[in-house]
Amino acid sequence: MIVVMNGRADQTDIEKIINELKRRGLDINISRGDKRTVIGIIGDTSTLESFPFYAYSGVEKVLRVLKPYKLASREFTDQRTSIRLKNITIGGKELTMVAGPCAIENEEQIFEIAGELSRLGVKVLRGGAFKPRTSPYSFQGLGKEGLKLMSKAAKAFNLLTITEVMSVKQVDLVAEYADILQVGTRNMQNFILLKELGRIKKPVMLKRGMSATLEELLLSAEHIMSQGNREVILCERGIRTFENYTRNTLDISAIPALKELSHLPVIVDPSHGTGRWRLVNPMSKSAIVAGADGLIIEVHPHPKSSLSDGAQTLNFDTFLQLLKEIKPIANAIGREINFTDK
Ligand code: PEP
Ligand code: MN
């Protein structure tokens, strides 16, 4: 349930309502906008059926949130969530570009990539250390060693990092080394993991399950948010359809739909979304036009010798070409993208 306070409501008006709601055992989330303050009420609101909201001064309207997710819903706040981290704002005017290898392979590889990204002005480095591989015989990632290498490379080139966490046991370790924690498609409904991530103080990028609806994605975000961590980034990474020319079907319509349903930022992964490097460029453009707040792209100096996902990985030249081509498109719809062409 949401109570919208009008612009004339002062702190005392707001506190009066909040105190009464808290006395009834309900949790409160407050979002202060320029013109209005929105009080979100979490918990069993059935006891408020006959609560005299309009008897309190400053109450403009009372809305029931019918959606099963509340904290993640668009109605919950009149401001879009933007996440500030060092020199970036995810969900701001500037698009967040994240790039790097599918997996951290060795020190030389991650340093070479980090160096190139920093020269280009890209600020967030991706790289898997714990890899969820379909086959147990494929490269599983370097684990803790990989985290250390990525964090060392990121420090050397002043980059932020994002990497996947696969289990509850890894949460503290990954949070020690990475700036943003990623939940992969296969774990989108690992509710115990989500709850644990709700208790940390670092942003979480939640990838859409490969067969999850948008409502299921938002309910998973709600699992994280309901534990206190409100810094959730949604990621569209393609879903399973009958089409098998592409690895997945990148659901471009999910971007504006999620923006309608939620206030959370949306990042798009055209690499896993297509599985084919040639499609990464056009799908990046489509994602930006559809309203994405950023892109996460697999980049490797030598995709052919990459230990995983080489077929969908851009090399340095094709990545630079992508940055050049998406800039005017981003600008045309009022977004910015900063990079330097060496
Ligand atoms: C990844 O980004 O490294 C990854 C494994 O992606 P997904 O979970 O979307 O398959
Ligand atoms: Mn990959």
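No lab work stands behind these numbers, since they all come straight from the coordinates. The structure displayed is predicted, hence computed values, not measured ones. Cβ sites come from the backbone with ideal geometry, for glycine too, and all protein chains shown count toward neighbours.
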Helix-only CD estimate at 222 nm, as mean residue ellipticity for the chain, using -39500 (n - 2.57) per DSSP H run (n ≥ 4): -9500 deg cm²/dmol
Separation of the ASN331 and ILE28 label points, Cα + 7 Å toward Cβ, nm: 4.8
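Mean shadow of region 83-332, computed from the convex hull of its alpha carbons, in nm²? Walk me through the numbers before you get to the answer.
Numbers: hull surface 47.9 nm².
Averaged projected area of region 83-332's Cα convex hull equals 12.0 nm².
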Gyration tensor (alpha-carbon) shape descriptor, region 243-342, a/c threshold 1.5: oblate
Gain on full stretching of the segment that runs from GLN189 to GLU176 - 0.36 nm per residue minus C-alpha separation: 2.3 nm
Degrees between helix 107-120 axis and first principal axis of the chain (Cα, 0 to 90, nearest 10): 70
Distance between region 276-342 and region 200-233 - C-alpha centres, whole angstrom: 24
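Please tell me which of these pairs span more than 27 angstrom C-alpha to C-alpha: LYS152/LYS201; LYS131/LYS201; LYS148/LYS259; LYS144/LYS202; LYS35/LYS285; LYS201/LYS285?
Numbers: LYS152/LYS201 21 Å; LYS131/LYS201 23 Å; LYS148/LYS259 35 Å; LYS144/LYS202 18 Å; LYS35/LYS285 35 Å; LYS201/LYS285 32 Å.
Violating the 27 Å Cα-Cα cut-off are LYS148/LYS259; LYS35/LYS285; LYS201/LYS285.
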Selected from TYR69, TYR137, TYR56 as most flexible by GNM, with the chain as the system and alpha-carbon contacts under 10 Å: TYR137
Residue of ILE14, ILE180, ILE200 that the Gaussian network model of the chain assigns the largest fluctuation, springs spanning Cα pairs under 10 Å: ILE14
Ranked LYS155, LYS207, criterion: other C-beta atoms within 10 Å, fewest first: LYS155, LYS207
